[in-house]
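The values are calculated or read from the model by the stated rules, or taken from the named source; none is laboratory data. Bear in mind that the values here come from a model prediction, so they are computed numbers and not experimental data. Every residue, glycine among them, receives a Cβ derived from its backbone with ideal geometry; neighbour counts consider all protein chains shown. The accessibility values were calculated without ligands, DNA or RNA, using every heavy atom of the protein model including side chains. Shrake-Rupley method; radii C 1.70, N 1.55, O 1.52, S 1.80 Å.
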Amino acid sequence: MTLPDGLVLRTAEPRDLDQIGALLAERGEPEDAVDHRLVVEDPDAGWEACAVVVDGDRVVSTATLLDETLFLDGVKIPAGQVELVATDRDYEGRGLVRALMGWAHERSATRGQLVQVMLGIPYFYRLFGYTYAIPISPVRPVVGTASADGYTVREATFDDIPALHRLQEAEQARADLSMPHSPSLWRWLIARDGSTQWLVERDGVPVGTGRSTPPDEGVQLCEVAATEAGAVHALLAHTGATEANERPGTVAGEALEPFLGPAPEEANSYYVRVPDPVALLDHLRPVFGRRLAKSPFADAEGEAVVSFYRSHVRLPYHAGEVGAVVAGGTMQAPGAAGGCGVAPDMLASLLFGPHGLRGLTARQPDVYPGPNADLMHTLFPPVRADLMTFYMP
């Protein structure tokens, strides 16, 4: 793709590796160059996962799209995550990141991904259709002293990946919405320099895991998973963590809690982009059907109308099953049709956020349940999320 001033956006190639690495290291961290190499040299991702903007032979901007999978109440949602974004200082303000985000979103669509999720600097990615929707677990100071007695803590290896996955899978099973690490991402985490993956064993049996930052950054511990409290205490003692991400509602979270100080008084959330609301809602029909089947609406028949004001959808339901979603046009007063109103930039929060329709109604003037509030609250309850990403939040 040709951009203004003779710049060209194209898929990255092996000849770009050193320049991309230097750019990422200069605009971010030295470890970013290692991370990029791990991604593009892995057959599960490859060079097609990365794009660059070049000025002649010079790489001046880059971005990478990672494949992810969300699970909402057991339903798999193909997703993408944009990472490793950087632009040469001399080329800032020329729309290069916007062009790269367009490339990432087009690639995401061709891969059948219905959602994009990402960590990013404040506000910036709102410019590209993202909204803050899923809370990030607070990072809290570690207080007190834990003991590692009876446990062995060591750096995880590639052979440990199945055990790491099992431990995390058990913790994430307690959440309504989860995003586990993919097999390729596990490999990258074991190989990368920017964090250390730990395994805790008792009598040779894996009982805990977590990930920490290097000591020179102040040790942050996150993604703690365990089958018993002592494994968590051993991680705290071995890593010397000064702060940790809480993980409420899990074995690890309960074991961490006595060692954590107050949470910061600030909001922190993942960005989410929903490019095609109708496609996503249709994909989630099994979720909506199960929610109805467990409610007083289990034997009912009708349709749920959800208006985004400039467009709307109808979800027909019968005996705990939801039919194909029907898209419609402008509906400024959905209450008259028995429907609820949801501002379009609130859809990700409605589907994946902790407030549900009831909580959003209390917080957002342009979200309301309409005359069939019980039905709408059944379809759109609060969601507890547990996401794991390449980079520690």
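Restricting to helices (runs of 4 or more DSSP H) lying wholly in the stretch 285-393: which have 1 or more residues that are farther than 30 Å from residue 222 by Cβ and hydrophobic (A, V, I, L, M, F, W, C)? Even if it seems obvious, please write down each step before you answer.
On the way: elements: 285-293, 347-352, 356-363, 373-379.
So the answer is 285-293, 356-363, 373-379.
Residues that are open to solvent by less than 20 Å² (accessible area, probe 1.4 Å) and without any contact (Cβ under 8 Å) to a residue 40 or more places away in the chain: does the stretch 269-281 have at least one? No, the stretch 269-281 contains no residue that is open to solvent by less than 20 Å² (accessible area, probe 1.4 Å) and without any contact (Cβ under 8 Å) to a residue 40 or more places away in the chain. For the stretch 62-85, a residue qualifies if it is open to solvent by 10 Å² or more (accessible area, probe 1.4 Å), within 12 Å of the chain's Cα centre (by Cα) and of a type outside the set (Asp, Glu), and the qualifying residues are 69, 71, 78. Considering the stretch 166-212, the residues that are part of a helix (DSSP H, G or I) and in contact with a helix residue (DSSP H, G or I) (Cβ under 7 Å, 6 or more places away or on another chain) include one that is surrounded by the most Cβ atoms within 10 Å (Cβ to Cβ), namely 171.
May I ask you to verify whether residue 248 is under 21 Å from residue 71 (Cβ atoms), open to solvent by 60 Å² or more (accessible area, probe 1.4 Å) and either modelled with pLDDT under 95 or small (Gly, Ala, Ser) (or both)? Lay out the reasoning, then the answer.
Details: under 21 Å from residue 71 (Cβ atoms): yes; open to solvent by 60 Å² or more (accessible area, probe 1.4 Å): yes; either modelled with pLDDT under 95 or small (Gly, Ala, Ser) (or both): yes.
For residue 248, the condition - under 21 Å from residue 71 (Cβ atoms), open to solvent by 60 Å² or more (accessible area, probe 1.4 Å) and either modelled with pLDDT under 95 or small (Gly, Ala, Ser) (or both) - is met.
The set of residues in the stretch 144-165 that are open to solvent by 50 Å² or more (accessible area, probe 1.4 Å) and modelled with pLDDT under 95 comprises 144, 145, 147, 149, 150.
Looking only at the stretch 31-61, residues that are open to solvent by 10 Å² or more (accessible area, probe 1.4 Å) and touching a residue at least 60 places away in the same chain (Cβ under 8 Å) come to 7 in all.
Would you check which residues across the stretch 326-359 are touching a helix residue (DSSP H, G or I) at 6+ places or on another chain (Cβ under 6 Å) and of a type in the set (Val, Ile, Thr) and list them? Hit for the stretch 326-359 is 342, nothing else.
Look through the stretch 234-261, keep the residues that are assigned to a helix (DSSP H, G or I) and charged (D, E, K, R), and return whichever of them is nearest to residue 171 (Cα to Cα). Spell out the reasoning first.
Residues of the stretch 234-261 assigned to a helix (DSSP H, G or I): 234-239, 251-259.
From what's left, charged (D, E, K, R): 254, 257.
Details: 254: 12, 257: 15 Å.
Applying the filter and picking the extreme gives 254.
Here residue 362 passes the criteria (1) in contact with a Lys or Arg (Cβ under 8 Å, 6 or more places away or on another chain); (2) open to solvent by 60 Å² or more (accessible area, probe 1.4 Å); (3) of a type in the set (A, V, I, L, M, F, W, C) except the one numbered (1).
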